[in-house]
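A.B. asks: Pasting a structure here, questions to come.
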Amino acid sequence: MSDTLPHSTPEESVAAISIPVSDDRVQSLETFKAKLRNAGLYRPASNDTAASHDDVTLLRFLRARQYDVDKDQKQFSDTEAWRKQHNVDELFRTFEANEMESARRFYPRWTGRRDKTGLPVYVYRLASLDAPLRKELESVPSERRYQRIVALYEAMTRFVLPLCSHLAAPTPVSSVTTIIDLEQVSISAMWSLRSHLQVASTMATANYPETLSTIAIVNSPSFFPTIWNWIKTWFDEGTRNKIHILGKDPGPTLRSLIDEKDIPQSYGGRLPWKFEDDPDLDDTIKKVIGEMPKGPVLFVDGSTVKLLG
């Protein structure tokens, strides 16, 4: 753990030729595509149809297993089977808008802003999940809670990340920067949320690899080492290495990663945003999409595409 946040750009796509890609990684990507195509897991682009998976997604899977193509294929195959098992595309397409917006209260939320490299900034304030909200969460059947997590990850990977990629072109954006706020969180509250948090973390690590960039934990309580012993096994080593514990004044460190105007006031910035708020879109994003859409939406070729929810 360290108080220093790394400052790095997201992995480039092969198509982003203005940013050089090492020859071995280009070869790894092409080998990966060929293996997936032979296994019936990938369809390359043709004259009238796009590829079944873009390079940014494939590179995420490659990074997750350090470019070990055989291991990458296994994780990719498992994810495709998981998506079919849970009918993910149809689940997201038909997810009811009001339920999706309500579900955001229980999970990391996009501030509507980006860090200095163009990655969207998310915040998770655990104290906002107070006793009544935890009771409401527990009243939802476990299967539906799981489906909510899936829908929100789909919203991130199919709307927020493509939108931010569009704004950061030609450098694709494939991950998010997250501030986790532990202020005023009791150990009993953390214990009651452990299953909720573990399910989300395990599912994301397996099926949405490399979508987490820097994770800054702020306002950590004195008992955090105990909590860390609970939760560190939920993440693979790569994810654990991205987690940084900051002190009670995280502003100076966060400003090395995020412009002050885009850091919420609670964390030493100037943005008047709190966890319960909808995204406060920056001016550049507003020019592209206007207001933040509700429910299941895609961002495709520079435009918002609303689905049925």
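The values are calculated or read from the model by the stated rules, or taken from the named source; none is laboratory data. Everything numeric here is computed off the predicted structure, so don't read it as measured data. Every residue, glycine as well, gets a Cβ built from its backbone with ideal geometry; the counts of neighbours run over all protein chains shown. Accessible surface areas use protein heavy atoms only, side chains included; no ligands, DNA or RNA. Shrake-Rupley method; radii C 1.70, N 1.55, O 1.52, S 1.80 Å.
A.B. asks: A 28 angstrom limit on the alpha carbon distance is what I want to check against. Which of 116/286; 261/294; 248/274; 232/286; 84/286; 71/116 exceed it?
C.D. replies: 232/286; 84/286; 71/116
A.B. asks: What is the local net charge at residue 182, summed over the other residues whose Cβ is closer than 12 Å to its Cβ (Lys, Arg +1; Asp, Glu -1)?
C.D. replies: Counting the neighbours of residue 182, the net charge comes to 0.
A.B. asks: Considering only DSSP beta bridges with both partners in the chain, what is the antiparallel share in %, to the nearest 5?
C.D. replies: Counting DSSP beta bridges with both partners in the chain, the antiparallel share is about 35 percent.
A.B. asks: Indicate the gyration tensor shape class of segment 166-236 (rounded, prolate or oblate), computed on the Cα atoms with a ≥ b ≥ c the square roots of the eigenvalues: a/c under 1.5 is rounded; otherwise a/b larger than b/c is prolate and the rest oblate.
C.D. replies: prolate
A.B. asks: In Å, what is the Rg of the alpha-carbon atoms in segment 80-179, and how long is Dmax?
C.D. replies: Using the Cα atoms of segment 80-179, the pair Rg, Dmax is 14.9, 45 Å.
A.B. asks: Please get the size of the charge dipole for the chain, origin at its Cα centre, with Cβ charges of +1 on Lys and Arg and -1 on Asp and Glu, quoted in debye to the nearest 20.
C.D. replies: Roughly 420 debye, rounded to the nearest 20.
A.B. asks: Report, to two decimal places, the Cα Rg of segment 33-146 normalised by 2.2 N^0.38 Å (N = number of residues).
C.D. replies: My calculation over the Cα atoms of segment 33-146 gives 1.38.
A.B. asks: Can you figure out the FRET efficiency of residue 34 with residue 232, using R₀ = 35 Å and their beta-carbon distance, to the nearest 0.05?
C.D. replies: Step by step, r from the Cβ atoms, then E = 0.45.
A.B. asks: What's the carbon and sulfur percent of segment 181-309's accessible surface, probe 1.4 angstrom, rounded to a whole number?
C.D. replies: It is 51 percent, rounded to a whole number.
A.B. asks: Continuing with this model, one more query. P(r) tail for the chain, what percent of Cα pairs lie past 33 Å?
C.D. replies: Result: 22 percent of Cα pairs exceed 33 Å.
A.B. asks: With each pseudo-label sitting 7 Å past Cα toward Cβ, what's the residue 144-residue 51 distance in nm, one decimal?
C.D. replies: Rounded to a tenth, the inter-label distance reads 3.9 nm.
A.B. asks: While we're on this one: Between residue 131 and residue 84, what FRET efficiency comes out of the Förster formula 1/(1 + (r/R0)^6) with R0 = 45 Å and r the beta carbon distance, rounded to 0.05?
C.D. replies: Approximately 0.75, to the nearest 0.05.
A.B. asks: For segment 119-263, which semi-axes, largest first and in whole Å, follow from the square roots of 5 times the eigenvalues of its Cα gyration tensor?
C.D. replies: They are 24, 21, 14 Å, listed largest first.
A.B. asks: Please give me the summed charge of the neighbours of residue 104: other residues whose Cβ is under 12 Å from its Cβ, Lys and Arg +1, Asp and Glu -1.
C.D. replies: Cβ neighbours under 12 Å give a net charge of -1.
A.B. asks: Could you sort 175-183, 137-145 so that the peptide with the highest average Cβ count within 10 Å comes first and the rest follow in order?
C.D. replies: 175-183, 137-145
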